[in-house]
Amino acid sequence: MLRARPHSVRRNRIGLLSAALVAGGLTAVSLTPAQAATGALSTGTTAAGKADPAEDFNGDGYADLVTAATGGTISGKAQAGYVAVTYGSANGLDPANKQLISRSTTGIPGSATAKEAFGQYLTKGDLDGDGYSDLVIGSKSETAGSVIVWGSASGLTGGTKIATYGRSPQIGDFDGDGKADLALLADMGSYGDDPETEGAALWKGPVSKAGAPAQKLNFMDKSEWWGYGKDDATCVDDEYGCVDGPDSTTGPVFFKAVGDLNGDGRDDLALRSYNGDGMWNNTVLYGSGSGFKRGWAPETQGELASGDVNGDGIDDLVVGSDPKDPDIGESMQKVTLAFGTKDGLKGDRTQEFDQSLPGFYGAQEDGDHLGTCVSVADVTGDGKAEVALGIAGEDFSGLTDAGSFALLRGTADGVTGEGSQVLNQNSADVPGVAESGDAFGAGCQLLDTNGDGNRDLAVSSTAENASAGAVWSFPGTATGITATGSTAFNPKDLGAPDAKALFGNPLR
């Protein structure tokens, strides 16, 4: 259980304004104490931190955390959803310095709609090339399209509608020209035993604030085009059209992770894709100057994330263990690390592990669900990425599904259990108290919120406090993460709707 923290004096000053905002929807303002008094956003300053610019909306050198609350009630619409942006600082995340964004926010296209789950999909990157990261927000209702919210010295501003394409947008430099591109998916609708055509688009950056890309590229490389009428590039002229084609892909699919998995200087997409007959698998779409080319990925159905675990300069792909009821038959309860090579991912270049990995603190048990969430980035600064894994089904101290998380070190040989860190809400210096059903570790994200060069770890429980949800932040150091100085906040700390908000997943 996590209760609102006793910042009574400062919080109450902010809370009066927050309550007024929530009553009529949410307004995208950043409420530091001074801003609460003046109603103004902070002005940008010279970057002081060392965070990845792609994680930094206001250019101050501190990574900013985006937290979805897909169950939040907005303007009286249940499960309309919202996202909260908590800005980084030299002291890490401060719930007082935040923005709340929903379909009822001034400048955001559309209106709050019940069960839209606004925020179900999130991606960051500098789309317009102005030096500030931007945020793209999708929703469960893919027909509603996506929204781009633009970074600036004063934080996120405005909103540009992307019609049609609302499913799992992803930002990356897919053509290798040094500019951020945007990969988009349309609503799939119904599908049957065989894979079907899903609308897709690849927007070459930069993207203007009017929502116009520099160019609309072929989504799939011409060598990949096929359809049920013509099994080659001539499908574009066939009455049945293309399944994989210039503006479509084999669907349904969900984009899950971005990284350069073959070291060619172009980002690649890792995705969950429908394989037919009710079965799903994972696929990689390799970036190129002429569209994506399809390749192999581990079939485990857990969450996906990429990063350079072994420090060879090529990103690797980490896939969490299967959910409780996978559709591929027997449940795979191990995490899979697929090593990136100059030839991409290969089935004979993998490492599979669970909590029986030597040195991994704890014990492997049925239902732990190792890899409920996955995030991969270099915490310690040694050039090898650590792997953060949620263990939301972890039982301990007589509690069921209380949950925990692990941070594992990367080495030249892959992931090692030596030096592993496993924490839960009952660990020393961690805010809150563990309870059955918390599923702590539902979401996680590594990003440098205090700008010291070491990635910090945000971890969530969407089940906390009757599914209101909460987020914890653990500082990163040269030896890993630490619970000393860790903080936590929930929707009430942000003056945001909290009833069954499911605050905390996804995190970006």
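The values are calculated or read from the model by the stated rules, or taken from the named source; none is laboratory data. No experiment lies behind these values; they were computed from the predicted model shown. Cβ: placed from backbone, ideal geometry, glycine included. Neighbour counts: every protein chain shown. These accessible areas exclude ligands, DNA and RNA; they are computed on the full protein's heavy atoms, side chains included. Shrake-Rupley method; radii C 1.70, N 1.55, O 1.52, S 1.80 Å.
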Quiz item: Quick one, which of (i) 21.6, 69; (ii) 41.3, 170; (iii) 25.8, 92 is the actual Rg and Dmax of the Cα atoms in Å calculated for this model?
Solution: (i)
Exercise. Just list whichever of Lys230/Lys346; Lys124/Lys161; Lys140/Lys204 have alpha carbons separated by over 18 Å in the model shown.
Key: Lys230/Lys346; Lys140/Lys204
Quiz item: Among the aspartates and glutamates, which have Cα under 17 Å from the Cα of Lys77 when same-chain residues fewer than 8 positions away are ignored?
Solution: Glu116, Asp498
Quiz item: What is the P(r) of the range 79-150, as percent of Cα-Cα pairs per 10 Å bin from 0?
Solution: 19, 46, 30, 5
Quiz item: Cysteines of the chain lacking any other cysteine beta carbon under 4.7 Å?
Solution: none
Self-check item: lysines with Cα under 17 Å of Lys342, excluding same-chain neighbours fewer than 8 positions away
Solution: Lys293
Practice problem: Set the Förster radius R0 to 45 Å, insert the Cβ-Cβ distance between Ala212 and Asp264 as r into 1/(1 + (r/R0)^6), and round the FRET efficiency to 0.05. | Solution: 0.95
Quiz item: Taking the Cα atoms of the range 356-508 alone, what are Rg (to one decimal) and Dmax (as a whole number) in Å?
Solution: 14.7, 46
Quiz item: When the helices in the chain are scored as -39500 (n - 2.57) per DSSP H run of 4 or longer and the sum is shared across all residues, what 222 nm value do you end up with, to the nearest 500 deg cm²/dmol?
Solution: -1500 deg cm²/dmol
Quiz prompt | Prolate/oblate/rounded label for the range 227-270 (Cα gyration tensor, a/c 1.5) | solution = prolate
Exercise. Using R₀ = 41 Å, calculate the FRET efficiency as 1/(1 + (r/R₀)^6) where r is the Cβ-Cβ separation of Ser356 and Asp238; round to 0.05.
Key: 0.20
Quiz item: Say the dipole of the chain comes from +1 at the beta carbon of Lys and Arg and -1 at that of Asp and Glu; which of Pro246, Thr106, Gly419 then lies farthest toward its positive end?
Solution: Thr106
Quiz item: For the chain, with every protein chain kept in place, what is the accessible area per residue (1.4 Å probe, Å²)?
Solution: 37
Exercise. Heavy atoms only, probe 1.4 Å: what % of the accessible area of the chain goes to carbon and sulfur, would you let me know?
Key: 48
Quiz prompt | Label-point separation in nm, Lys293 to Ala47, each point 7 Å along Cα→Cβ | solution = 3.3
Quiz item: Which of rounded, prolate, oblate describes the range 213-298, given a ≥ b ≥ c as roots of the alpha-carbon gyration tensor eigenvalues and a/c under 1.5 marking rounded, otherwise prolate only if a/b is larger than b/c?
Solution: oblate
Quiz item: Of Gly347, Gly88, Gly229, which is farthest along the charge dipole of the chain in the positive direction, counting Lys and Arg as +1 and Asp and Glu as -1 at C-beta?
Solution: Gly88
Quiz item: How do Ser146, Ser356 rank by accessible surface area computed with a 1.4 Å probe, from largest to smallest?
Solution: Ser356, Ser146
Quiz item: In whole angstrom, how far apart do the alpha carbon centroids of the range 269-325 and the range 424-448 sit?
Solution: 27
Exercise. Give me the accessible area of Leu93, 1.4 Å probe, in Å² rounded to the nearest 10.
Key: 20
Quiz item: Which stretch or stretches of the range 397-424 have amide N atoms under 19 Å from the point lying 7 Å from Lys342's Cα along the Cα→Cβ direction?
Solution: none
Quiz item: In units of 2.2 N^0.38 Å, what is the alpha-carbon radius of gyration of the range 267-363?
Solution: 1.13
Quiz item: So, with +1 on the Cβ of K and R and -1 on the Cβ of D and E, and no other charges, what is the size of the charge dipole of the chain about its Cα centre, to the nearest 20 debye?
Solution: 2380
